[in-house]
Amino acid sequence: MIRRSTLVVSGLTLAVGLALFKTKYAVMGLEQQHSQIKKNIQETREAIHVLRAEWAHLNDPSRLQVLAQKYLDIAPVGSSQLVSFDDVASKDGSYDRSALDSLIAEAARDQNAIGQDTD
C-alpha cells in the first residue's frame, strides 16, 4: 500500500509540474507579445523619422517661397498701406470708426485698381 506521504508528495509534484508548464507557456506568450511590441515601436520610430524628413522638406523656406509666388496673389506691404494710429484715433484715445471705415474703403479701391491693372 502506498503511504499517504508518498501520495501527497506525488500530488504536490504533479501540481508544481502543471503550474510550471502553464507558467512556461504564459511566459512564452508574453515574450512573443513583447517582441511584437518592440517591432511595432521600431516601425513607429522609422515612420516618425520619415515624417520628420517630409516635414522638413515641406517647410523648406525656399520651397514655400516658390509656392507662394506661384499660387498666392500677394505682394509685400507698401508704405501707402500703413497708417498711424493718429489717423484713426479719436480725442479720447479710442479709434474713430468713420475714419477707419474711410481708410478701409480707400484701401479696397486701391486694391481694385491694382487688380484691374493686372487684368
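Just for region 81-94: of the residues that are of a type in the set (A, V, I, L, M, F, W, C) and more than 30 Å from Gln65 (Cβ to Cβ), which one is modelled with the highest pLDDT?
Just the residues of region 81-94 that are of a type in the set (A, V, I, L, M, F, W, C), to begin with: 82-83, 85, 88-89.
From what is left, the residues that are more than 30 Å from Gln65 (Cβ to Cβ) are 85, 88-89.
Values: Phe85: 68, Val88: 68, Ala89: 71.
For region 81-94, the residue satisfying everything is Ala89.
The number of residues in region 1-35 being more than 41 Å from the chain's Cα centre (by Cα) and assigned to a helix (DSSP H, G or I) comes to 21.
Residues in region 37-86 that are of a type in the set (Phe, Trp, Tyr) and farther than 27 Å from Gln111 by Cα: Trp55 only.
Residue-by-condition table, conditions (1) of a type in the set (Lys, Arg); (2) surrounded by fewer than 10 Cβ atoms within 10 Å (Cβ to Cβ); (3) modelled with pLDDT under 80:
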position	(1), (2), (3)
Arg52	yes, no, no
Gln65	no, no, no
Ala75	no, yes, yes
Ser79	no, yes, yes
Asp96	no, no, yes
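The values are calculated or read from the model by the stated rules, or taken from the named source; none is laboratory data. Values in this document were obtained by computation on a predicted structure and should not be read as measured data. Every residue, glycine as well, gets a Cβ built from its backbone with ideal geometry; the counts of neighbours run over all protein chains shown.
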